[in-house]
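Heads up, the thing below is written out as structure tokens.
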Protein chains: 2
Amino acid sequence: MGSKVIDAILTRRSIRKFTEKPLDKAIIQLLLKAAMSAPSAHNQQPWEFLVIDDRKTLDTVPSFHPYSKMLLQAPTAILVCGKTKDLPAQVFWPQDCAAATQNILVAANAMGIGSVWLGVYPHDELMKKSRELFNIPEDINPFSFVALGHPGEEKEPSNRFDPDRIHHNRW
Amino acid sequence: MGSKVIDAILTRRSIRKFTEKPLDKAIIQLLLKAAMSAPSAHNQQPWEFLVIDDRKTLDTVPSFHPYSKMLLQAPTAILVCGKTKDLPAQVFWPQDCAAATQNILVAANAMGIGSVWLGVYPHDELMKKSRELFNIPEDINPFSFVALGHPGEEKEPSNRFDPDRIHHNRW
């Protein structure tokens, strides 16, 4: 299965244009399964997921998130959140949520679904406004939006490989 | 390509036992390609990668990192690092490095390679000791080790899917 998976990772691009076609529920379910299959520090699985497909709600996000205009077009978004309350080890939750977010992006690309990651945490104002809009409890941290939809643009794979970033045994 | 990619994501487990067989250079190259294909905030690509296959160096890590005993057996590790100097937007680098780390894990699983993610950042002491051991410059932040090798243990997929973590439009 190697090469198809590598392809899905290497060909993933940030897609910001979408068709109107809604996403199948089965696809959203698989994306959430992929997200929850991420590793997490001490296997604490400190994540929660808000699936947003209400048009009016999606249209509200760009009023406070400057890089989220594509949500006016995207049929669905997932807001990945971190739940730190009662966790024995708290410092790693943003990394765990980032791994879950990345799994969503790769799984989406594999299924022909376009996606883009929009940062929320650690910006206080973006977290606060997200909490207000979605009625998110104080102990849940909005982490990232993933805009999702059938792609309305095509992008060539972008080769970001840079051998200068690779070191061997010592710097 | 959907189902094979989803499989690679869902069947990934943390592997902590390895055979002595070294990793092919071509595999390590693909893992680094996968890492550098991660998205990053403002496409800043704030990552650097240290490939460690020197036996003595690998054996030293468990003297300061409490969860890294498997490095005594692993033929290779990649230390993912973040470079924040001169970045216009600095707060997202740990998330970018987490996405790169996650791509390594999924790509490894797809190629039948075992891996496990060991957290370093934001623990000052782990970062400091890593900097010393590998001669890493002050402006480079050690972020995570990924231990890598041909698996010396088999693990069933772990179903972490939990419908209680899913919310719809509002909390």
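Some notes on this structure:
- In region B:79-89, the count of residues that are touching a Lys or Arg at 6+ places or on another chain (Cβ under 8 Å) and over 18 Å from A:Pro94 (Cα atoms) is zero.
- Within region A:118-141, restricting attention to residues that are part of a strand (DSSP E or B) and among the hydrophobic types (A, V, I, L, M, F, W, C), the residue that is nearest to the other protein chains (Cβ to nearest Cβ) is A:Ile140.
- Criterion: crowded, with 20+ Cβ neighbours inside 10 Å, among the polar types (S, T, N, Q), outside any helix (DSSP H, G or I) and at the interface with another protein chain (Cβ under 9 Å from one of its Cβ atoms) - qualifying residue of A:Ser144, A:Ser115: A:Ser144
- As a summary of the residue check, A:Ala35 satisfies the conditions (1) in a loop (DSSP other than H, G, I, E, B); (2) in contact with a helix residue (DSSP H, G or I) (Cβ under 8 Å, 6 or more places away or on another chain); (3) aliphatic (A, V, I, L, M) except for the one numbered (1).
- Boolean, A:Ser63 is in contact with a helix residue (DSSP H, G or I) (Cβ under 8 Å, 6 or more places away or on another chain) and either without any contact (Cβ under 8 Å) to a residue 60 or more places away in the chain or surrounded by 14 or more Cβ atoms within 10 Å (Cβ to Cβ) (or both): no
- The set of residues from region A:110-158 being touching a residue at least 40 places away in the same chain (Cβ under 8 Å), within 17 Å of B:Ala41 (Cα to Cα) and not small (Gly, Ala, Ser) comprises A:Val116, A:Trp117, A:Leu118, A:Val120, A:Leu126, A:Pro142, A:Phe143, A:Phe145, A:Val146.
- B:Ala74 vs. criteria crowded, with 21+ Cβ neighbours inside 10 Å and within 7 Å of chain A (Cβ to nearest Cβ): no
- Some residue of region B:31-49 being among the hydrophobic types (A, V, I, L, M, F, W, C) and exposed (fewer than 15 other Cβ atoms within 10 Å of the Cβ): no
- Hey, B:Ala98 buried (at least 19 other Cβ atoms within 10 Å of the Cβ), of a type in the set (Gly, Ala, Ser) and either in contact with a Ser or Thr (Cβ under 7 Å, 6 or more places away or on another chain) or closer than 15 Å to A:Phe92 by Cβ (or both) or not: yes
- Exactly one residue out of A:Ile27, A:Ile78 is outside any helix (DSSP H, G or I) and aliphatic (A, V, I, L, M), and it is A:Ile78.
- Just one of the listed residues (A:Asp86, A:Asp7, A:Asp59, A:Asp96) is part of a helix (DSSP H, G or I) and closer than 19 Å to A:Asp139 by Cα, namely A:Asp96.
Every residue, every condition in (1) over 18 Å from the mean Cα position of the chain (by Cα); (2) acidic (Asp, Glu); (3) closer than 18 Å to A:Val146 by Cβ; (4) at pLDDT below 95, yes or no:
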{"residue": "A:Leu10", "(1), (2), (3), (4)": "no, no, no, no"}
{"residue": "A:Ser14", "(1), (2), (3), (4)": "no, no, yes, no"}
{"residue": "A:Phe18", "(1), (2), (3), (4)": "no, no, yes, no"}
{"residue": "A:Asp24", "(1), (2), (3), (4)": "no, yes, yes, no"}
{"residue": "A:Gln29", "(1), (2), (3), (4)": "no, no, yes, no"}
{"residue": "A:Pro39", "(1), (2), (3), (4)": "no, no, no, no"}
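- Residue in region A:82-92 that is touching a helix residue (DSSP H, G or I) at 6+ places or on another chain (Cβ under 8 Å), crowded, with 22+ Cβ neighbours inside 10 Å and within 11 Å of chain B (Cβ to nearest Cβ) present: yes
The values are calculated or read from the model by the stated rules, or taken from the named source; none is laboratory data. These figures come from a predicted structure and were not determined experimentally. In this analysis, Cβ positions are derived from the backbone assuming ideal geometry, glycine residues included, and neighbour counts consider all displayed protein chains.
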